[in-house]
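To keep things clear, I will list the structure first and then write my remarks on it.
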Amino acid sequence: MRYSLLFFFLFACGSDYTPKPRAFFKIKFPQKEYQTFSDNQLAFTFLYPKYSKVEIENNINFLNINFPQFSGKLYLTYVNLNNDLNEHIEQSRSLAYKHNDQADVISEQVFVNEENNIFGMLYDYQGVTATSSQFYLTDSLNHFFRGSFYFNTQINDSIIPVNNFIKEDIKILIESLRWN
């Protein structure tokens, strides 16, 4: 009897083990549709996705675009320039490169829209970083507009599709920004 139980366990599983592939969450992305953000108290307008929500902070110069479905937020800051453009550009650059240790690559993309007098820089991050995109836009005389996107979750490889999806929205915002 003792050996029959052992015999049963040795030959009970006759098939070879087959490793299973890793499973990832299926992410359903909404349709890309945009609406105009405009506020009489602010010196700019831009397009933002309909599946996000603009939140104005207590100080009118700080606002956020919340992406609740993706647990992320685009933090936006507006500053009236007072002959201090270089300080704001250097501060933006410094904040962008704080993630240099974690990022595999930080690429800089210059943005120029001469027709609407808008110039700036987009910092695009690759690798496991807290931020995926940062940017600033200016007219070099009166306006300075800065943005940085952060996820409110642990950063890992499975977030890359969401990150790429939202980067498209950030580029639309940059391209659609206009000074009032």
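For the chain, the 222 nm mean residue ellipticity estimated from helices alone, with every DSSP H stretch of n ≥ 4 adding -39500 (n - 2.57) and the total spread over all residues, rounds to -7000 deg cm²/dmol. Computed 3J(HN,Hα) for segment 111-123, one whole-Hz value per residue from the Karplus formula 6.51 cos²θ - 1.76 cosθ + 1.60 where θ = phi - 60°, is 10, 9, 10, 5, 4, 9, 6, 10, 9, x, 9, 10, 9, glycine and proline marked x.
Scaling the Cα radius of gyration of segment 78-168 by the globular reference 2.2 N^0.38 Å produces a ratio of 1.16. Cross-link partners of Lys167 among lysines, defined as those whose alpha carbon lies under 30 angstrom from its own and excluding same-chain residues fewer than eight positions apart: Lys26, Lys28, Lys32, Lys50, Lys53, Lys73, Lys98. In this structure the amide hydrogen of Leu177, modeled in the peptide plane, comes within under 5 Å of the amide hydrogens of Leu47, none closer than 5 places in sequence on its chain. The spread of Cα positions in the chain, taken along each principal axis and listed from longest to shortest, comes to 92, 33, 31 Å. Reducing segment 89-117 and segment 131-158 to their Cα centroids gives an inter-centroid distance of 9 Å. A full extension of the chain between Glu108 and Tyr75 corresponds to an added length of 10.0 nm, given 0.36 nm per residue minus the alpha carbon distance.
None of the figures in this text is laboratory data; all of them are computed from the coordinates on show. Keep in mind that this is a model prediction, so the values were computed, not measured.
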